[in-house]
Amino acid sequence: MDLYSLQFFVFLFIVLAIYCLGHQRFRWIILLGASYYFYGTFKFQYLFLLAFSTIVAYFVALLMEKQMSPSGKRMLLLAGCICNLGVLFVFKYFNFFSSSVTGIFGDPRHSSPNHLLRLVVPVGISFYIFQVVSYMIDVYRGDKTAERHIGAFALYVSFFPKLLAGPIERAKQFLPQLHEYHKWDWERATNGFKLMVWGLFKKLVVADRLAVFVDMVFNNPAAHMGPSFVLVAVLYSFQIYCDFSGYTDIAIGVSQVFGFKLTDNFNRPYTARSVAEFWRRWHISFSTWLRDYLYIPLGGNRVVPTRLYINLILVFLVCGLWHGASWTFVAWGFIHGIFIVSGLISRNLRFKVNHAFGLDSHPALQKGFQNCITFALVSVAWIFFRAESLHDAVYMLTHLHTGWVDILKGNGFESMILLGKAKSQLIIALASLTFVWVIHFIESHETMRHMLSEKPFYVRWPIYYLMLSAVFLLSAPGSQKYIYFQF
């Protein structure tokens, strides 16, 4: 059941009606049942894994609070993490590691797929596993008391708007909301629906239209040249942003309608002036998870420079591997780690260069230059993220220089830029993307929803209807699954 489908919105309004009519005391049952039904529509067997992770984390947290011995608490935490991360490893990573080890040490003449498990990776498993792991660690540290209400805890893990692709909610932020009384609020609900429409626009109109051009090149890099590679690297940067942030907007909007607040997962990441800042703005719930549960325990900024650099690269290797069991994701994470380490090492040199060229006396010019460099670096790394294999990614990077002479001569422009598609398709995609960026620029000062709420109804409602019409009329045919559903 995709979050942009008619089936989902029928489901949503049925659940919302029952939720509003139901007594406050039993609303958690309504939402928990809806969440498990929602997840079961993907594959019924997934529910057993979800329930297993929930039960393990719930009882491990309770036992840790009763355990007086620090070593006993550590053993319980270790057992809880092994159970949950073990499930993640078996379903998501066993085949990857098994194939990699076999490829390195095995005899290629006697290679066989018999050592591989025939398992399908459950949708959203990385998100809810990391969520329960953070909960157990918080209880172990004393940052959160163990939840006594097993139903509330199960709802925290499985709440359907965030279950498939986050945000990765912290227990101390979300669990208290499950014990609060949520009175129906029309203003809050309408703001939630507006955010859902905005998320649908970003996903269906922008991301899915860009995907048409991106997929054509990434599915067969050998048939294309440099200009096409540069184009789709840029387009994919915006595609994945509009796709993932579009899902997040829908998830936050749905939660807001029910009276819950989820973590903001994006803060205009492509306005970042460095790769480190990009990660403070991109997938915020995940980047802060890595910071709090991996980077800081490894020593954070309190270690010697060499150890700091190793820790950063290790964190980003985990970041890449979390996204997918493939060497392309590992390479993507490693590249980001190298970018951030290089930024730290070259900090003084960059300061001197800025001063030598007078950029530090022109803040706007300096900011624009840093924005462009950061976007270029992030876009290059996205090539590895999207490529079907390391070979394809390396091929694209090593052939970026090809085809430019033909473009300059006016030959092959349409075939390399339009990629055989109608010019109108690219125009609609770029116009929609430009609209998103204009809204982002405006929202750097104030949210559009707040701005519109202060306008007369004859100004607000035509804009709302226009956005809704755009979703219906401009959506790409054959909409695709959310990119982050595979993680």
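The values are calculated or read from the model by the stated rules, or taken from the named source; none is laboratory data. Fair warning: this is a prediction, and the values are worked out from it, not measured in the lab. Please note: Cβ atoms are built from the backbone with ideal geometry, for glycine as well, and neighbour counts cover all protein chains shown.
Somewhere in region 73-96, is a residue free of Cβ contacts under 8 Å to residues at least 60 places away in the same chain, farther than 17 Å from Phe127 by Cα, assigned by TED's automatic domain parsing to the domain that holds Asp138 and exposed (fewer than 12 other Cβ atoms within 10 Å of the Cβ)? No: region 73-96 contains no residue that is free of Cβ contacts under 8 Å to residues at least 60 places away in the same chain, farther than 17 Å from Phe127 by Cα, assigned by TED's automatic domain parsing to the domain that holds Asp138 and exposed (fewer than 12 other Cβ atoms within 10 Å of the Cβ).
Within region 150-161, residues that are over 16 Å from Val257 (Cβ atoms) sit with their Cβ atoms under 7 Å from residues that are not in a helix (DSSP H, G or I), at 6+ positions apart or across chains, in these pairs: Ala152/His179; Phe153/Glu147.
Pairs are defined by a Cβ separation below 8 Å, a sequence spacing of at least 6 or placement on different chains, a first member in region 220-240 that is outside the structural domain of Pro269 (by TED's automatic domain parsing), and a second member that is surrounded by 19 or more Cβ atoms within 10 Å (Cβ to Cβ) and among the polar types (S, T, N, Q); no pair meets this definition. The set of residues in region 149-199 being farther than 23 Å from Ile55 by Cβ, of a type in the set (D, E, K, R) and surrounded by 18 or more Cβ atoms within 10 Å (Cβ to Cβ) consists of Lys194 alone. Highlighted here are the helices (runs of 4 or more DSSP H) found entirely within region 120-174 that include at least 2 residues which are more than 20 Å from Leu32 (Cβ to Cβ) and touching a Leu at 6+ places or on another chain (Cβ under 7 Å): 125-141.
Pairing each residue of region 352-381 that is within 13 Å of Tyr270 (Cα to Cα) and at pLDDT 80 or above with any residue that is outside any loop (DSSP other than H, G, I, E, B) and charged (D, E, K, R), provided the two are 6+ apart or on different chains, yields C-beta distances under 8 Å for Thr374/Glu277. Evaluated against (1) at pLDDT 85 or above; (2) farther than 19 Å from Thr248 by Cβ; (3) not in a loop (DSSP other than H, G, I, E, B), Ile104 falls short on exactly one condition, (1). In this structure, Gly142 qualifies as surrounded by fewer than 14 Cβ atoms within 10 Å (Cβ to Cβ), closer than 27 Å to Lys261 by Cβ and either assigned by TED's automatic domain parsing to the domain that holds Pro176 or β-branched (Val, Ile, Thr) (or both).
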